[in-house]
Amino acid sequence: MKKVLFVLTSHSELGNTGEKTGFWVEEFAAPYYLLHDKNIDITIASPKGGQPPIDPKSAADDAQTEATKRFNDDTALQEKLANTIVLSKVSQDDFDAIFYPGGHGPLWDLAEDKDSIALIESFYANNKPVSAVCHAPAVFKHTKAKDGSFLVKGKKVTGFTNTEEEAVQLTDVVPFLVEDMLKNNGGLYAKGDDWSVFTQEDGLLITGQNPASSEKVAELLLERISA
């Protein structure tokens, strides 16, 4: 049985707005079920362990999808989610791939988290896929390849666009813009229309632009580990 590590944010504060953030439910649930239904064994970790914060906007009525509705009724998965493993205690040795769901939370914690950075670099160095969707490509802010260059340098990548960030009116709230960071780190950034399904795959790196792209990222990841 193939094993995939899901890494979720532990960060719940949306800058200094007084509002809450966290991970986006659809970006967790859709990939989780796609892989789970194909008999992939999934472990969930987060920097602090335990229950990761859910972005309240992703639980709103207008953000519901078939996957989120399934999640809302899935007490077993909710129990699993409430007991995530502390990120520092996991090793790439135990998994075939790693996946990062988005939400704004990762911009603050996972982008800077030394355990996450080391984990991504270890997965990549050991020829295992690294995947992230929407805001989660923030995790590539500091990750490096063996030669010391940024991991995304010269590679096709995508992530939440500057115009999508403008649309949700958080351009001046977030610590950095995912699109700008990926470009600054030498990534060959590309994007589709705002809110459309758009993914990039370059060797071991698989990225998705926004919530709508999360299931497609999981499909590409499944193909990669099943090959």
**Asked** Which peptide among 130-140, 160-170, 64-74 comes first, and what is the full order, when sorted by highest mean count of other Cβ atoms within 10 Å?
**Response** 130-140, 160-170, 64-74
**Among Leu77, Leu119, Leu151, residue whose mean-square fluctuation peaks in a GNM of the chain (springs only between Cα atoms under 10 Å)** = Leu77
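Going highest first, how would you order 50-56, 30-36 by mean Cβ packing within 10 Å?
Details: 50-56: 18.7, 30-36: 22.4.
Top to bottom by mean Cβ count within 10 Å: 30-36, 50-56.
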**Request:** Out of all DSSP beta bridges with both ends in the chain, state the antiparallel percent to the nearest 5.
**Result:** 25
**Asked** Rounded to the nearest 500, what is the chain's calculated 222 nm mean residue ellipticity when only DSSP H runs of at least 4 contribute -39500 (n - 2.57) each, over all residues?
**Response** -8000 deg cm²/dmol
**Asked** Which residues in the range 18-42 have a backbone N closer than 16 Å to a point placed 7 Å from the Cα of Gln169 along the Cα-to-Cβ line?
**Response** 18-20
**All aspartates and glutamates inside 13 Å of Lys216 as judged from Cα atoms, apart from same-chain residues fewer than 8 positions distant** = Glu26, Glu27, Glu201
**Message:** Per 0.36 nm of contour for each residue apart, how much would the distance between Ala118 and Lys69 grow if the chain were fully extended, relative to their Cα-Cα spacing?
**Reply:** 14.2 nm
**Prompt:** By per-residue mean of other Cβ atoms within 10 Å, what is the highest-first order of 108-118, 207-217, 78-88?
**Reply:** 207-217, 108-118, 78-88
**Prompt:** Relative contact order for the range 1-147 using alpha-carbon pairs under 8 Å, separation at least 6, rounded to a whole percent?
**Reply:** 30
**Message:** Checking the table Lys38/Lys191; Lys156/Lys183; Lys48/Lys141 against a 22 Å threshold on Cα-Cα, which pairs fail?
**Reply:** Lys38/Lys191
**Fill in**
For Lys20, counting only lysines whose alpha-carbon sits under 16 Å away and dropping same-chain residues fewer than eight positions off, the answer is Lys57
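No lab work stands behind these numbers, since they all come straight from the coordinates. Because the structure is predicted, anything quoted here is derived from the model rather than measured. Neighbour counts are summed over all protein chains in view; Cβ atoms, including those assigned to glycine, are modelled from backbone coordinates with ideal geometry.
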